[in-house]
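Undergrad: Below is a structure I'd like to ask you about.
No lab work stands behind these numbers, since they all come straight from the coordinates. Fair warning: this is a prediction, and the values are worked out from it, not measured in the lab. Ideal geometry is used to build each Cβ from the backbone, glycine not excepted, and the neighbour counts take in all protein chains shown.
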Amino acid sequence: MSKYSEDIYTEPSNIDVDTLKNLGPLAPLAGVWQGERGTDLAPSRAGSETSPFVDRIELQPLDPQTSGPQLLYGLRYHQHVKRPGQIATFHDQIGYFLWEPATGIVIQTLAIPRGQIAMASGKAAKDAKEFELVATGGDANFGVLSNPFLDYGFRTIEYRIKISAHADGTWSYDEDTVLMIRGRSEPFHHRDRSVLFKIAEPTPNPLALK
Ligand code: HEM
């Protein structure tokens, strides 16, 4: 028996259109943020390389999203990462963070311009201050897809992100992207961490503004 209803078309009625009030554990992430002391551990020919970075992340609320009976609230994001004092993009990422109030499921979609996409999920309480999302290579729902070269040279077998909202209004992430690198026998843990400080408030979603 499926956990879903036979009726896949009827949408919920009386949806609250103010996304900022319905983001559950994602609420502390809404807005525009800057990180000044990020650290990246990435693979290199010599083995690995650790680099400091600065990042800017904009997370803006979407109108509520329904797929038949399923209701999701969420944030659209863009993360732009540079090395301190440099102009060149070190890492660029876009996607959505989504919250399903009915199930307590949080989803992150991500796309990066290496030709790679992933979708990670995890469960969290509505008022959780910390949660973890996971995507597993090969999973049909919460998986990772890479272009053929990346799959050949640097296969991503798992992506994990732990997000913590702090009492002073900042939040932080700790990511572990697990790579099987051609010619190496052990998985490589590509780690990225940063603490984000708010630089601007979010703009309410179009339906809430109306
Ligand atoms: C703040 C976040 C991140 C930063 C700063 C970052 C940075 C880097 C850097 C510097 C490299 C080494 C190769 C190069 O110089 O291009 C690299 C490699 C790689 N990254 Fe990331 N990365 C981040 C997050 C991610 C995420 C979330 C994924 C995928 C889920 C990912 C997937 C990869 C892959 C597959 C490689 C291997 C390809 C290669 O070494 O050229 N990265 N990353």
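Undergrad: Is it the case that some residue within the range 77-84 is without any contact (Cβ under 8 Å) to a residue 12 or more places away in the chain, surrounded by fewer than 17 Cβ atoms within 10 Å (Cβ to Cβ) and not in a strand (DSSP E or B)?
TA: Looking only at the range 77-84, we keep the residues that are without any contact (Cβ under 8 Å) to a residue 12 or more places away in the chain, and these are none.
Within the range 77-84 (the criterion being without any contact (Cβ under 8 Å) to a residue 12 or more places away in the chain, surrounded by fewer than 17 Cβ atoms within 10 Å (Cβ to Cβ) and not in a strand (DSSP E or B)), the answer is no, since none of the residues qualifies.
Undergrad: Something else about it: Six or more apart or on different chains, Cβ atoms under 7 Å: show the pairs whose first residue is in the range 49-73 and within 14 Å of residue 173 (Cα to Cα) and whose second is surrounded by 14 or more Cβ atoms within 10 Å (Cβ to Cβ) and charged (D, E, K, R).
TA: Pairs that qualify, where the first residue is within 14 Å of residue 173 (Cα to Cα) and the partner is surrounded by 14 or more Cβ atoms within 10 Å (Cβ to Cβ) and charged (D, E, K, R), are 53/40; 53/82; 53/83; 54/82.
Undergrad: If I ask for residues that are assigned to a strand (DSSP E or B) and among the hydrophobic types (A, V, I, L, M, F, W, C), which ones from the range 35-62 would you list?
TA: Start the filter on the range 35-62 by keeping residues that are assigned to a strand (DSSP E or B), which leaves 35-44, 47-61.
Those that are assigned to a strand (DSSP E or B) and among the hydrophobic types (A, V, I, L, M, F, W, C): 41, 42, 53, 54, 57, 59.
Undergrad: Does at least one position in the range 200-210 carry a residue that is out of contact with any Ser or Thr (no Cβ under 7 Å at 6 or more places or on another chain), buried (at least 16 other Cβ atoms within 10 Å of the Cβ) and not in a loop (DSSP other than H, G, I, E, B)?
TA: To start, the set of residues in the range 200-210 that are out of contact with any Ser or Thr (no Cβ under 7 Å at 6 or more places or on another chain) comprises 200-204, 206-207, 209-210.
Next cut, buried (at least 16 other Cβ atoms within 10 Å of the Cβ) only: 202, 204.
Keeping just the survivors that are not in a loop (DSSP other than H, G, I, E, B) gives none.
Within the range 200-210, none of the residues are out of contact with any Ser or Thr (no Cβ under 7 Å at 6 or more places or on another chain), buried (at least 16 other Cβ atoms within 10 Å of the Cβ) and not in a loop (DSSP other than H, G, I, E, B).
Undergrad: Going through the range 17-48 one residue at a time, which ones are in contact (Cβ under 8 Å) with a residue 24 or more places away in the chain, touching a helix residue (DSSP H, G or I) at 6+ places or on another chain (Cβ under 9 Å) and among the charged types (D, E, K, R)?
TA: The one that is in contact (Cβ under 8 Å) with a residue 24 or more places away in the chain, touching a helix residue (DSSP H, G or I) at 6+ places or on another chain (Cβ under 9 Å) and among the charged types (D, E, K, R): 18.
Undergrad: Name the single residue, out of those in the range 183-210 being within 15 Å of the ligand (Cβ to nearest atom) and among the basic types (Lys, Arg), that is nearest to residue 22 (Cα to Cα).
TA: 193
Undergrad: Within 12 Å of the ligand (Cβ to nearest atom), in a strand (DSSP E or B), of a type outside the set (S, T, N, Q) and more than 23 Å from residue 180 (Cβ to Cβ), is that true of residue 32? It would help to see each step written out before you state the result.
TA: Values: within 12 Å of the ligand (Cβ to nearest atom): no; in a strand (DSSP E or B): yes; of a type outside the set (S, T, N, Q): yes; more than 23 Å from residue 180 (Cβ to Cβ): yes.
Considered against the rule, which asks whether it is within 12 Å of the ligand (Cβ to nearest atom), in a strand (DSSP E or B), of a type outside the set (S, T, N, Q) and more than 23 Å from residue 180 (Cβ to Cβ), residue 32 comes out as no.
Undergrad: Kindly establish whether residue 88 is of a type in the set (A, V, I, L, M, F, W, C), under 23 Å from residue 155 (Cα atoms) and within 16 Å of the ligand (Cβ to nearest atom).
TA: no
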